[in-house]
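The values are calculated or read from the model by the stated rules, or taken from the named source; none is laboratory data. Predicted model only: the values in this text are computed from it and were never measured. Heads up, the Cβs are rebuilt from the backbone with ideal geometry, glycines too, and the neighbour counts pull from every protein chain shown. With ligands, DNA and RNA removed, areas are computed over all heavy atoms of the protein, side chains included. Shrake-Rupley method; radii C 1.70, N 1.55, O 1.52, S 1.80 Å.
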Amino acid sequence: QVQLVESGGGLVQPGGSLRLSCAASGSIFRINAMGWYRQAPGKQRELVASITSGGSTSYADSVKDRFTISRDNALNTVYLQMNSLKPEDTAAYYCNFNLVPRGARYVSDYWGQGTQVTVSS
């Protein structure tokens, strides 16, 4: 069974930095895209950043030039480096992997459990 485990959230002051990690474990044949989403209280979940298997990245306008997504295929891990954090970045952050489990015929989306990021002075 495939599981995604996130780490790295916490409380940080405005202007500070955090690095989120999300590692997949289990029997995996192939991982396609990886992404980070966030959801603030009372708001819909939104895509923050994504990275393809080939390394192409895309970002929400609100985080461009501040956040960087990267992946380590050998470790089945995706990272989100968050710099110049703002109070409006406060949210629960979720990783998402589009992958094919070993022995499966179709791709599926898997989600991490979520990690809280709070930006406050």
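For residue 14, state whether it is closer than 18 Å to residue 113 by Cβ, out of contact with any Asp or Glu (no Cβ under 8 Å at 6 or more places or on another chain) and part of a loop (DSSP other than H, G, I, E, B). When the stated conditions are applied, residue 14 does not pass them. Within the range 83-117, restricting attention to residues that are among the polar types (S, T, N, Q) and buried (at least 16 other Cβ atoms within 10 Å of the Cβ), the residue that is nearest to the chain's Cα centre (by Cα) is 96.
Across the range 49-82, which residue is most open to solvent (accessible area, probe 1.4 Å) among those that are touching a residue at least 12 places away in the same chain (Cβ under 8 Å), farther than 11 Å from residue 34 by Cα and touching an Asp or Glu at 6+ places or on another chain (Cβ under 9 Å)? That would be 62.
Could you please let me know if residue 42 is within 26 Å of residue 121 (Cβ to Cβ), out of contact with any strand residue (DSSP E or B) (no Cβ under 8 Å at 6 or more places or on another chain) and small (Gly, Ala, Ser)? It is true that residue 42 is within 26 Å of residue 121 (Cβ to Cβ), out of contact with any strand residue (DSSP E or B) (no Cβ under 8 Å at 6 or more places or on another chain) and small (Gly, Ala, Ser).
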